[in-house]
Amino acid sequence: MNAVQPPPSAQDEHAESPCTGPTCDCTGAAKAADCQSSCHLNDAAFRDRAKEILFSGRVITAGAVHLIGLEDIRAQLGDRWERVKERVQIYTTRLLEKMLSPHDVWFRHGEAQFIIVFAHADIQAAQLICGKIVEDLHQALLGHSDTSQIIVKTALVEIDGSVAVGSARLDDLLLHAAYPSERPSAKPQPGKRFEERQRLSLTDFALGNGEPPPRPKVLFRPVYDVRNKVISTYTCRPDLHTCRHINQITADDVLQEEAIFDYDMETLCHAVRTYNELYKNKFRYAQTIPVHFETLASVRRRREYLQSCRMIPNCLIPFLAFELEGLPQGIPNGRLAEMVTMLRPFGRATIIILREETPDIAVYANAGVKGVGLAMDFRDGDQRCIDKINAFCPIPRKHGLFAYLDGIRNIEQFQAAIEAGAAYVSGPVVGKDSDVPEHMRRCTEKQMLMRARVKARR
């Protein structure tokens with residue numbers, strides 16, 4: 001993405017410094033992205049920088065340069081800012097790469113400000129995107145976001161050729177987008193609470209509707225360890241609404257891939273955040289984190305996903321495993337091995353979950369995969385599921401991999417899985433999906449069957 005480099009005007013050694021004040025010595029040789037922390041970009045300096053960009057001769061903008069700042073976050077973090085500022089900047093960089101198009105250009109100015117130049121978005125859309133970025137930063141870093149305090153600055157070319165700077169609060173931008181016939185300062189009609197208004201998102205612009213996509217929700221599914229006779233492993237699964245949302249986006253493959261990517265990122269962050277909190281309370285379990293082929297196959301998505309993986313605490317890595325989902329049949333051994341290698345520093349193992357039986361299991365073993373799972377289709381009858389179980393389980397074991405079965409619903413399927421040699425079993429017969437993992441439970445197959453019979457009678 002060309003956002004990692006400043007525009008040519010920012011690299012020009014003879015460009016006028018955008019900084020003001022005697023405490024900041026930002027000459028042309030010191031590029032804008034490398035300014036010291038004392039550099040503060042006020043309206044006058046921002047106007048000068050925007051003028052350089054707008055009149056640099058590059059046709060890369062729809063006529064506006066935008067400024068977003070992290071000063072509020074820095075103020076609320078206080079003394080902690082110096083310790084975490086690098087992580088905050090990395091997180092902001094990831095968010096910009098995710099939410100901006102490949103044609104947009106951005107660069108960091110100082111330690112708490114970013115200048116963004118949009119290639120195609122109009123001013124209103126650009127302001128909303130900038131506001132959404134800052135709102136997400138507030139929510140992720142502070143745990144809350146006050147849209148009335150989030151301000152986006154915009155530099156515009158006037159008719160006489162001068163550059164003017166305008167400021168807009170995110171509250172007003174969202175209100176104007178929701179009620180375009182009203183003035184930005186207008187209030188919602190009686191009976192409509194502002195807090196209940198649905199906010200626009202980037203997906204709304206892409207889909208052309210006013211319905212925001214649901215935030216992906218992640219649940220924890222218990223997994224029964226057949227050999228050790230214990231439920232101490234949990235795998236992440238989406239809730240029903242998240243599944244429906246992803247499956248309904250069929251008109252545009254790109255949008256569906258982005259929805260899958262959003263789910264993978266939410267799953268990774270939610271699983272690690274939850275485990276980190278439980279780990280501090282001496283709670284231990286094995287955690288499997290799913291990641292889709294589409295996420296690792298895209299350079300941009302893979303880069304962002306791995307960047308998030310690098311923030312996993314070292315103490316959690318021995319307890320984590322990754323579950324590759326959606327692999328196409330006939331995937332080359334080299335490409336799969338590359339994906340397994342990329343994930344290896346962040347977990348103890350990589351496994352693969354399938355929706356249907358596949359002849360590629362020998363390829364999986366050669367690529368360094370440790371186990372292969374099969375997800376049962378709830379539309380299949382009991383006999384069809386049992387036939388799948390009996391046909392599937394011997395194949396991974398033949399290649400030195402363990403067999404894993406997901407979606408086992410009743411006693412008959414559970415008995416078939418045990419007899420077929422499955423190493424791990426999950427599904428309604430083992431336990432319900434829950435918001436948080438539960439404490440380890442030891443349980444023999446006989447006890448599991450007794451519990452399943454009680455549930456069936458109820």
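A few notes on this one:
- Unique match (being open to solvent by 40 Å² or more (accessible area, probe 1.4 Å), at pLDDT 80 or above and of a type in the set (Lys, Arg)) among Arg237, Arg227: Arg227
- Cβ pairs under 6 Å, 6+ apart, first in the stretch 277-288 and among the polar types (S, T, N, Q), second part of a helix (DSSP H, G or I) and open to solvent by 20 Å² or more (accessible area, probe 1.4 Å): Gln287/Phe319
- Leading residue by the ranking (surrounded by the most Cβ atoms within 10 Å (Cβ to Cβ)) among those in the stretch 285-305 that are in contact with a helix residue (DSSP H, G or I) (Cβ under 8 Å, 6 or more places away or on another chain) and over 24 Å from Arg221 (Cα atoms): Arg301
- Of residues in the stretch 375-416 being crowded, with 18+ Cβ neighbours inside 10 Å and in contact with a Pro (Cβ under 9 Å, 6 or more places away or on another chain), the one nearest to Val429 (Cα to Cα): Ile408
- Pair list, Cβ < 6 Å and 6+ apart or interchain, from the stretch 136-150 residues that are within 16 Å of Met265 (Cβ to Cβ) to residues that are at pLDDT below 70 and surrounded by 13 or more Cβ atoms within 10 Å (Cβ to Cβ): Gln139/Ser145
- Selection of first residues in the stretch 340-360 that are of a type in the set (Val, Ile, Thr) and of second residues that are outside any strand (DSSP E or B) and open to solvent by 70 Å² or more (accessible area, probe 1.4 Å), restricted to Cβ pairs under 6 Å at least 6 apart or on distinct chains, gives the following pairs, ordered by first then second residue: Ile351/Lys370; Thr358/Gln329.
- Here Pro313, Pro332 are screened, and the one residue that is exposed (fewer than 14 other Cβ atoms within 10 Å of the Cβ) and over 25 Å from Thr92 (Cβ atoms) is Pro332.
- Qualifying residue in the stretch 309-328 (condition: within 19 Å of Ile395 (Cα to Cα) and of a type in the set (D, E, K, R)): yes
- Residues that are more than 19 Å from Ser308 (Cα to Cα) and either at pLDDT 85 or above or open to solvent by 40 Å² or more (accessible area, probe 1.4 Å) (or both), drawn from the stretch 246-263: Asn247, Gln248, Thr250, Ala251, Asp252, Asp253, Val254, Gln256
The values are calculated or read from the model by the stated rules, or taken from the named source; none is laboratory data. What you are looking at is a predicted structure, and each value in this text was computed from that prediction instead of being measured. Note that we place each Cβ from the backbone using ideal geometry, even for glycine, and neighbour counts take in every protein chain shown. Each accessible area value is taken on the protein alone, full model and side chains, heavy atoms only, with ligands, DNA and RNA left out. Shrake-Rupley method; radii C 1.70, N 1.55, O 1.52, S 1.80 Å.
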